[in-house]
Amino acid sequence: MLKKYFIPITATLLAISAPAMAAQDSPLVLEGDVHLVRVVTDENGVQTTEMVEPDVIVPGDRLLFTTDYRNIGSDPVNDFVLTNPVPAAVRLAPDADTGLEVSVDGGESWGALATLTVESETGETRAAEHADVTHIRWTLGVVEPGQSGRLEYPAIIR
Amino acid sequence: MKKTVAKFLPLAGTTIPIALILASQPAYAEGVSAGTLIENTANATFDDGSGTRTIDSNTVVVQVNELLDVTVTSLNTGPVAVTPGSAVLTFEITNTGNGPEAFQLSANPSVAGNDFDTVVDNIAIDRNGNNVYDPGIDEILTGPATTELLDAEANLTVFVLVTVPDGVADGEESDVDLLAEAVTGTGTPGTTFVGQGVDGTNAIVGLTGADDNAIGSMVVGLTSVDLIKSATISDPFGGSAAVPGAIVTYTVTANVSGSGAVDELIVTDRYPAGTRYRAGSLALDGTSLTDAVGDDEGDADTTQISVDLGTVAGGTARVITFDVIVN
């Protein structure tokens with residue numbers, strides 16, 4: 001039965017889940033997701049934030065990228081670092097956590113955004129901006145067995 | 001204006017989902033192009049006791065939908081001065097959405113507050129890009145006036161050709177309202193047209209409502225010229241009898257009125273029968289002119305004087321004087 005080897009592909013190509021082979025025997029598992037952040041104003045003018053499936057997104061919309069991690073093994077893992085390249089079509093949201101460790105040069109150097117600079121084509125140096133961020137990383141160190149957590153960053157579609 | 005992202009971020013790991021290989025490279029101007037796939041993959045390194053390991057998360061993919069937005073602006077710096085007959089208003093249509101879109105244009109000549117309404121004859125596209133309507137070169141749109149597909153951020157100069165009716169008065173004003181509507185559809189922001197965007201994405205009405213309009217204004221600049229001629233006679237005997245030898249001084253006042261200007265205003269006056277021109281008597285606004293042709297505004301020959309006043313703005317009076325002698 002060939003059939004059972006087919007992996008169903010969702011019609012819209014959205015939220016494709018493709019766990020890497022290596023992850024199957026990894027004590028640590030990662031699960032990425034993305035939601036559209038929608039601010040809804042009710043008739044009383046009260047604004048609430050909703051997290052909805054990103055079925056319809058356009059430039060200017062706010063997305064929240066999340067990565068859930070969990071240690072499913074029986075031993076702690078050490079030196080856990082999660083790195084997330086920021087897709088080129090989005091920019092880090094201006095109200096993102098200022099403590100995020102980011103890179104503006106493709107992952108060569110790292111720091112809080114306020115400490116980073118970029119060089120323009122004319123050779124001038126300026127302070128790095130949210131739109132310059134190419135990578136984000138979280139350095140967590142030890143993850144105990146059974147421990148889990150969520151790492152996230154907000155982004156605006158360019 | 002478009003820039004293509006130079007490279008894909010390298011995907012660590014051993015398995016690359018097929019969808020990623022098929023994904024087109026995102027290309028965008030200010031807004032990410034409709035159809036662009038946004039893919040996010042995190043990767044982790046850790047030490048599980050057997051050494052450093054690297055794993056990838058799954059890749060989440062979302063596709064950017066098409067945003068329908070448009071702006072219309074008038075390219076006329078102020079009201080266009082018009083007279084009865086043809087007039088041209090100039091507008092610019094800009095696709096401020098993120099995908100190619102065509103726009104249907106309609107011009108409304110009956111705008112509240114108009115002193116008079118024009119008749120819209122045609123809407124034309126500036127094909128040679130000089131912002132001036134060139135009959136025979138610039139394309140007149142027929143049927144429902146619809147532009148070609150405009151790329152995201154692209155703009156188009158459009159002319160609205162109108163006829164100003166007879167009978168309008170100087171200083172009267174009229175507006176024409178040009179409306180551009182996305183062909184895919186318009187509506188309140190957020191309205192979704194399922195599957196009608198680029199690459200089968202949805203098309204979403206943006207903040208402009210996917211339509212926009214702009215006003216082009218006209219003001220009637222009618223200019224009229226009144227010539228007023230008077231004469232004084234001084235006879236050789238100190239009186240004012242038109243006897244032989246008497247000198248008749250003619251004063252021709254050219255009164256230009258209205259809000260516009262007249263071009264190439266030339267005043268000529270033939271000498272009456274039985275008189276002859278007194279050489280050297282021609283003057284404009286009190287300043288003598290020579291009788292010769294070409295050295296100043298005026299000249300005089302044996303039959304008439306002629307003064308070229310050139311362009312004269314409304315509200316201006318020019319005074320020409322010359323003498324003839326009664327034979």
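The values are calculated or read from the model by the stated rules, or taken from the named source; none is laboratory data. In this text, all values refer to a predicted model and were calculated from it rather than measured experimentally. Note that each Cβ is placed from the backbone with ideal geometry, even for glycine, and that neighbours are counted across all protein chains shown.
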- request: Within segment A:91-103, identify whether any single residue is part of a loop (DSSP other than H, G, I, E, B), under 19 Å from A:TYR153 (Cα atoms), more than 16 Å from the chain's Cα centre (by Cα) and touching a residue at least 24 places away in the same chain (Cβ under 8 Å), and answer yes or no.
  value: no
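Only one of A:ARG150, A:ARG126 is over 19 Å from the mean Cα position of the chain (by Cα) and part of a strand (DSSP E or B). Can you tell me which?
Sole residue among the options that is over 19 Å from the mean Cα position of the chain (by Cα) and part of a strand (DSSP E or B): A:ARG126.
Anything in segment B:266-313 that is among the hydrophobic types (A, V, I, L, M, F, W, C), surrounded by 13 or more Cβ atoms within 10 Å (Cβ to Cβ) and over 24 Å from B:GLY245 (Cβ atoms)? List them, or say none. Break it down into steps so the answer makes sense when it comes.
To start, the set of residues in segment B:266-313 that are among the hydrophobic types (A, V, I, L, M, F, W, C) comprises B:266-267, B:273, B:279, B:282-284, B:289, B:292-293, B:300, B:305, B:307, B:309, B:312-313.
Then drop every residue that is not surrounded by 13 or more Cβ atoms within 10 Å (Cβ to Cβ), which leaves B:267, B:282-284, B:289, B:300, B:305, B:307, B:309, B:312.
Passing the criteria: B:VAL267, B:LEU284, B:LEU289, B:VAL307, B:LEU309, B:VAL312.
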task: Quick one: B:LEU141 ticks every box in (1) touching a residue at least 40 places away in the same chain (Cβ under 8 Å); (2) touching a Leu at 6+ places or on another chain (Cβ under 8 Å) except a single one, so which number is it?
output: (1)
- request: Please work out if B:THR316 is out of contact with any Asp or Glu (no Cβ under 9 Å at 6 or more places or on another chain), in contact (Cβ under 8 Å) with a residue 60 or more places away in the chain and closer than 30 Å to B:GLY78 by Cα.
  value: yes
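Residues checked against (1) small (Gly, Ala, Ser); (2) outside any loop (DSSP other than H, G, I, E, B); (3) modelled with pLDDT under 95; (4) under 22 Å from the mean Cα position of the chain (by Cα):
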{"position": "B:PRO189", "(1), (2), (3), (4)": "no, no, yes, no"}
{"position": "B:GLY195", "(1), (2), (3), (4)": "yes, no, yes, no"}
{"position": "B:ASP199", "(1), (2), (3), (4)": "no, yes, yes, no"}
{"position": "B:ASP212", "(1), (2), (3), (4)": "no, yes, no, yes"}
{"position": "B:GLY216", "(1), (2), (3), (4)": "yes, yes, no, yes"}
{"position": "B:LEU227", "(1), (2), (3), (4)": "no, yes, yes, no"}
message: Regarding segment B:141-153, can at least one residue be identified that is more than 28 Å from B:GLU173 (Cβ to Cβ), surrounded by 14 or more Cβ atoms within 10 Å (Cβ to Cβ) and among the hydroxyl-bearing types (Ser, Thr, Tyr)?
response: yes
- line: Checked B:THR36, B:THR41, B:THR59, B:THR94 against criteria (touching a strand residue (DSSP E or B) at 6+ places or on another chain (Cβ under 8 Å), modelled with pLDDT of 95 or more and under 30 Å from B:GLY185 (Cα atoms)); the one match is B:THR94
- prompt: Quick one: is B:GLY221 loosely packed, with under 14 Cβ neighbours inside 10 Å, in contact (Cβ under 8 Å) with a residue 24 or more places away in the chain and either small (Gly, Ala, Ser) or not assigned by TED's automatic domain parsing to the domain that holds B:PRO165 (or both)?
  reply: no
Positions within segment B:26-80 being touching a Gly at 6+ places or on another chain (Cβ under 8 Å) and without any contact (Cβ under 8 Å) to a residue 12 or more places away in the chain, in sequence order: B:ASP48
query: When you go through A:THR66, A:THR49 one by one, which is the residue that is closer than 30 Å to A:VAL143 by Cβ, more than 7 Å from every other protein chain (Cβ to nearest Cβ), part of a strand (DSSP E or B) and modelled with pLDDT under 95?
result: A:THR49
- prompt: Which of the residues belonging to segment B:200-218 are surrounded by 16 or more Cβ atoms within 10 Å (Cβ to Cβ) and farther than 30 Å from B:GLU173 by Cα?
  reply: B:THR201, B:ASN202, B:ALA203, B:ILE204, B:VAL205, B:GLY206
statement: Of (1) in contact with a Lys or Arg (Cβ under 9 Å, 6 or more places away or on another chain); (2) closer than 29 Å to B:THR223 by Cβ, B:ASP47 satisfies every one except (2)
field: Selection from segment B:31-45 of residues that are under 42 Å from the mean Cα position of the chain (by Cα), of a type in the set (Ser, Thr, Tyr) and facing chain A (nearest Cβ under 7 Å)
entry: B:THR36
query: What about B:ALA317, is it more than 30 Å from B:ASP115 (Cα to Cα) and either among the hydrophobic types (A, V, I, L, M, F, W, C) or surrounded by fewer than 19 Cβ atoms within 10 Å (Cβ to Cβ) (or both)?
result: no
